[in-house]
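The values are calculated or read from the model by the stated rules, or taken from the named source; none is laboratory data. Treat the numbers as computed from the prediction; the structure is a model and nothing was measured. Heads up, the Cβs are rebuilt from the backbone with ideal geometry, glycines too, and the neighbour counts pull from every protein chain shown. To get the accessible areas, we keep the full protein, side chains included, count just its heavy atoms, and leave off ligands, DNA and RNA. Shrake-Rupley method; radii C 1.70, N 1.55, O 1.52, S 1.80 Å.
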Amino acid sequence: MNAQTEKRLVSGPAGQIEIAIDLPAGGTTPIGTALICHPNPTQGGTMDNKVVQTLARAFIQLGWRAVRFNFRGIGQSEGGWDEGRGEVDDALAVLDAVRAPGETLILSGFSFGGYVASCAAQRLSDPAQRLVLVGPATSRFDTAPVPADTVVIHGEVDDVVPLSAVLDWARPQSLPVTVVPGVGHFFHGQLPLLKSLVVRAFDPTKV
């Protein structure tokens, strides 16, 4: 993402997993780790997706260590597409590799990555502090229920995951959804707004 991005490989259930780590500016000690899951790899999704990078920038600004990674079969990550099952395992393997015991955690994801983050959260022995889901693929994957303080952001005119599908998923949970008017799935032209919405959800003084 920038000159300070550290890229390396960690062990995963299907082989090596490629990860990228960004730290807060100024050498400050991170609050914790924010893991970001990318969109569907069968449709070109990678850890360098612009929405994923925007989430990373938001978390860095908030003082977190941002960790992105490529699902199995993408970039230098080994293995192949597993229809979501193995991809959840990948996310948990990355956490095992980078997270210190008891370290504060944010789980986040965009589109398919939102589905992965929701499922990974249910399998953690110690829950994530917060979840952040952008354009979660609720119409395409069985996205798990999430805690009441989860941040959900969706575009009004999303043509990949209809807003109605996200509302249908959120309604039984009484879960608020932040809807960005006139915006599609990839937040074209509105990435700075997306970043500010995430920052504001955690610390309005840093917007």
Q) Among [x] 8; [y] 20; [z] 26, which one is percent of Cα pairs over 32 Å apart computed from these coordinates? A) [x]
Q) What nm distance separates the two modelled labels at Glu156 and Gln173, each placed 7 Å from Cα along Cα→Cβ? A) 2.4
Q) Under a 1.4 angstrom probe, counting protein chains only, how are Asp159, Asp149 ranked by accessible area, largest first? A) Asp159, Asp149
Q. Given a Förster radius of 22 Å and the C-beta distance between Glu83 and Gln16 as r, what FRET efficiency does 1/(1 + (r/R0)^6) yield to the nearest 0.05?
A. 0.60
Q. If you put +1 on each Lys and Arg Cβ and -1 on each Asp and Glu Cβ, how big is the dipole of segment 53-207 around its Cα centre, in Debye rounded to 20?
A. 500
Q. Just from its helices, what would the mean residue ellipticity at 222 nm be for the chain, if runs of 4 or more DSSP H residues each count -39500 (n - 2.57) and the sum is divided by every residue, rounded to the nearest 500 deg cm²/dmol?
A. -8500 deg cm²/dmol
Q: Calculate the spin-label point distance for Thr42 paired with Thr29, positioning each point 7 Å from the Cα along the beta-carbon direction, and give it in nanometres.
A: 4.5
Q | Efficiency of FRET between Ser164 and Lys50 - r from beta-carbon atoms, R0 30 angstrom, step 0.05 | A | 0.75
(Q) What distance in nm lies between label points placed 7 Å from Cα along the C-beta direction at Gln122 and Thr5? (A) 3.2
**Q.** Charge context of Ala14, other residues only, Cβ under 9 angstrom, K/R +1, D/E -1
**A.** -3
Q. For segment 160-181 and segment 1-62, what is the separation of their Cα centres, given in Å?
A. 26
Q: Kindly report, to the nearest 10 Å², the accessible surface of Thr178 as traced by a 1.4 Å probe over protein heavy atoms only.
A: 60
Q.
Placing unit charges on C-beta atoms (Lys and Arg positive, Asp and Glu negative, everything else neutral), compute the dipole magnitude of segment 144-207 about its Cα centre in debye, rounded to 20.
A. 220
Q: Using the charge dipole of segment 48-111 (Lys, Arg: +1 at Cβ; Asp, Glu: -1 at Cβ; taken about the Cα centre), state which of Gly84, Pro101, Gly73 has its Cα farthest towards the positive end.
A: Pro101
Q) Over the heavy atoms of Asp158, what accessible area does a 1.4 Å probe trace out, to the nearest 10 Å²? A) 10
